[in-house]
Structures are given as C-alpha cells and as structure tokens.
Amino acid sequence: YIAEQIISSIENSRKTLLVLTPNFLSSTWCQFEMQMAQNKLFSSGKDVLLLALLKPLPKVGISKILKALLEQKTYIEWSEDEYGQKLFWGKLIQAINAPRNEPYDLDYPETQGINYGYADENTNLLA
C-alpha cells in the first residue's frame, strides 16, 4: 500500500522535492521515492525533480542514481547563516514555481551568496 501511495503521489505531483541528508541515504523508502521521481523526470522530459542538500552527505553510501542526479541537476544547499537561509527559501520557492518544461534561473541578484550548482568531481558535497 505504501509503495502504491508513493507512486500515485509522485505521478500526481507537479514537482517532487528530495531533501538530501545522511538519513535519506539509509532510508529504503527515500531511495524508492528517488527512483520513482527519476522515472518521472526521464519519462516526462520536464523539470519535475528538485534537490535540496540539507546536510553534508557521507563519502560512502551515495547511490549511483543520486550521484548522477547531483551531477546532472541543479541543487539548492541549506546554509547555517540567516542570510543564506533566506536565499535558500527564495530559491526553493522559485524552483517550485518554475514551469516544468524549462529549468529555473539561478542567476538573479537576490540569489548571490547561496550555495547551489552542479556537482562534479571537484564539488564537495561530502562530510
């Protein structure tokens, strides 16, 4: 029943937000949700998946799927300082409201100072 509910919710949602934490990596249900959201991303061809890095991820335990998503998709990173947190929420709202058929614009002046971007071999997402 839970799996059916997850699939139905993702199919009926405009966008899916994955909140990435070390606990996300160890949760079977979170991994299942990520796979279903990735399926929707690829089958729809639209920008329906949002990634928010809430806490640094450990060096081990990142699945190939998540690694690929972090390398291919823009993500928003939580900040501990108040200004960074305001920027985080602004970017999240912008990403949620962006049309599904085009990526959201991360380059407007109000977002300066927020950590976001594409992960690559030089990006430090890990604790």
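For this structure, a couple of remarks:
- Across segment 1-56, Cα-Cα distances exceeding 15 Å account for 46% of all pairs.
- Accessible carbon and sulfur surface of segment 17-63 relative to its total accessible area, %, 1.4 Å: 60
The values are calculated or read from the model by the stated rules, or taken from the named source; none is laboratory data. These numbers come from a predicted model, not from an experiment. Just so you know, the surface numbers come from the protein's heavy atoms only, side chains and all, with ligands and any DNA or RNA stripped out. Shrake-Rupley method; radii C 1.70, N 1.55, O 1.52, S 1.80 Å.
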